[in-house]
Amino acid sequence: MGFTIAIDGPAASGKGTLARKIAERYGFHHLDTGLTYRATAKALLDAGLPLDDETLAAEQADKVDLGALDRSVLAAHEIGEAASKVAVMPAVRRALVEAQRRFAIREPGVVLDGRDIGTVVCPGAELKLYVTASPGVRAGRRFEEIGKSGGNLSYDDVLDDIRRRDARDMGRVDSPLRPADDAHLLDTSEMSIEAAFRAAQILIDEAL
Ligand code: C5P
């Protein structure tokens, strides 16, 4: 098994960008586990199936192909909302966590980012980061991204969504979002992604 880096944090905390930069710099495989929940939600939406039927949702989760996850197809805001609904169901999580753990044994190392990587998916990871930022800062970043891709949600709508998603992710019974006891906290509220990357690099180089 290679070196494992677990990165968790709430929506729009900057963890995805950080994970991609780390994977590129160290030549590690990267898995954005949020995409696996998004792919499950999209399959249900496309088939006109309900989002709250655990058996149906787990069937779709079983079929998710980690090699075919396309961020551009799964990025839509509504898919993120739907993903956080399917993510509360234990049978969905069981199926996706199993696939994520199979990915995590790749050599020479992996970076997984999500909500429960350090606590559930890879509790033995060599390095755990918990990336966070204030809801206002995260809503500002998401609002800018949505604006660039032509969307027209207001800042207040985006902030409401972020708060709702946080409540659902932190409040669920199975694998709630929380830092692992041995995670390093990185608050990016007043930190650029470059500065966060430099801080992460120091921790990785120490742990390697
Ligand atoms: O990170 P992203 O916004 O793509 O994730 C979408 C949703 O998937 C999250 O709001 C969360 O509910 C769920 N998720 C999860 N566990 C993970 C990754 C994502 O529950 N490891």
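The values are calculated or read from the model by the stated rules, or taken from the named source; none is laboratory data. Computed from a predicted model, the values in this text were never measured in an experiment. Don't worry about glycine lacking a Cβ; one is built from the backbone with ideal geometry, like all the others, and counts go over all protein chains shown. For the accessible areas, the whole protein counts, side chains as well, though only heavy atoms, and no ligand, DNA or RNA atoms are used. Shrake-Rupley method; radii C 1.70, N 1.55, O 1.52, S 1.80 Å.
Quick one: what pairs do we get from the stretch 140-169, first residue open to solvent by less than 30 Å² (accessible area, probe 1.4 Å), second among the basic types (Lys, Arg) and part of a helix (DSSP H, G or I), C-beta under 7 Å, 6+ apart or different chains?
Sorted first by the residue in the stretch 140-169, then by its partner, the pairs are VAL158/ARG142; ILE162/ARG138; ILE162/ARG142.
Scan the stretch 16-47 residue by residue and report those that are free of Cβ contacts under 8 Å to residues at least 40 places away in the same chain and open to solvent by less than 50 Å² (accessible area, probe 1.4 Å).
Passing the criteria: LEU35, ALA39, ALA43.
Take ASP52 and decide whether it is farther than 15 Å from ARG115 by Cα and away from the ligand (no atom under 16 Å from the Cβ).
Details: farther than 15 Å from ARG115 by Cα: yes; away from the ligand (no atom under 16 Å from the Cβ): no.
In short, no.
For the stretch 95-110, how many residues are more than 30 Å from ALA139 (Cα to Cα) and assigned to a helix (DSSP H, G or I)?
Step one: list which residues in the stretch 95-110 are more than 30 Å from ALA139 (Cα to Cα), which gives 95, 98-99, 101-109.
Now drop any that are not assigned to a helix (DSSP H, G or I), which leaves 95, 98-99, 101-103.
So the count comes out to 6.
Just the residues that are assigned to a loop (DSSP other than H, G, I, E, B) and under 12 Å from VAL131 (Cβ atoms), please, taken from the stretch 1-32.
Looking only at the stretch 1-32, we keep the residues that are assigned to a loop (DSSP other than H, G, I, E, B), and these are 1-2, 9-14, 27-28.
Scanning the stretch 1-32 gives GLY9, PRO10, ALA11, ALA12, SER13, GLY14.
How many residues are in contact (Cβ under 8 Å) with a residue 24 or more places away in the chain and either within 15 Å of the chain's Cα centre (by Cα) or part of a helix (DSSP H, G or I) (or both) when one looks only at the stretch 48-59? Don't jump to the end; show me each part of the working.
Pass one, the stretch 48-59, residues in contact (Cβ under 8 Å) with a residue 24 or more places away in the chain: 51-52, 54-55, 57-58.
Right, trim to either within 15 Å of the chain's Cα centre (by Cα) or part of a helix (DSSP H, G or I) (or both) and you get 54-55, 57-58.
Summing the residues that are in contact (Cβ under 8 Å) with a residue 24 or more places away in the chain and either within 15 Å of the chain's Cα centre (by Cα) or part of a helix (DSSP H, G or I) (or both) in the stretch 48-59 gives 4.
Tell me the residue from VAL92, VAL88, VAL131 that is at pLDDT 95 or above, in a helix (DSSP H, G or I), within 12 Å of the ligand (Cβ to nearest atom) and buried (at least 18 other Cβ atoms within 10 Å of the Cβ), please. Working first, answer last.
Details: VAL88 fails: in a helix (DSSP H, G or I); VAL131 fails: in a helix (DSSP H, G or I).
None of the others qualify; the one that does is VAL92.
Here is a yes/no grid of residues against (1) under 29 Å from ALA82 (Cβ atoms); (2) of a type in the set (Val, Ile, Thr); (3) out of contact with any Lys or Arg (no Cβ under 8 Å at 6 or more places or on another chain):
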{"site": "LEU159", "(1), (2), (3)": "yes, no, yes"}
{"site": "ILE162", "(1), (2), (3)": "yes, yes, no"}
{"site": "ASP166", "(1), (2), (3)": "yes, no, yes"}
{"site": "ASP169", "(1), (2), (3)": "yes, no, no"}
{"site": "ARG172", "(1), (2), (3)": "yes, no, yes"}
{"site": "SER175", "(1), (2), (3)": "yes, no, no"}
{"site": "ASP181", "(1), (2), (3)": "no, no, yes"}
{"site": "HIS184", "(1), (2), (3)": "no, no, no"}
{"site": "ALA195", "(1), (2), (3)": "no, no, yes"}
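So is ARG71 touching a Pro at 6+ places or on another chain (Cβ under 9 Å), within 30 Å of ASP182 (Cβ to Cβ), among the charged types (D, E, K, R) and open to solvent by 20 Å² or more (accessible area, probe 1.4 Å) or not?
Working: touching a Pro at 6+ places or on another chain (Cβ under 9 Å): no; within 30 Å of ASP182 (Cβ to Cβ): yes; among the charged types (D, E, K, R): yes; open to solvent by 20 Å² or more (accessible area, probe 1.4 Å): yes.
So ARG71 does not fit the description; no.
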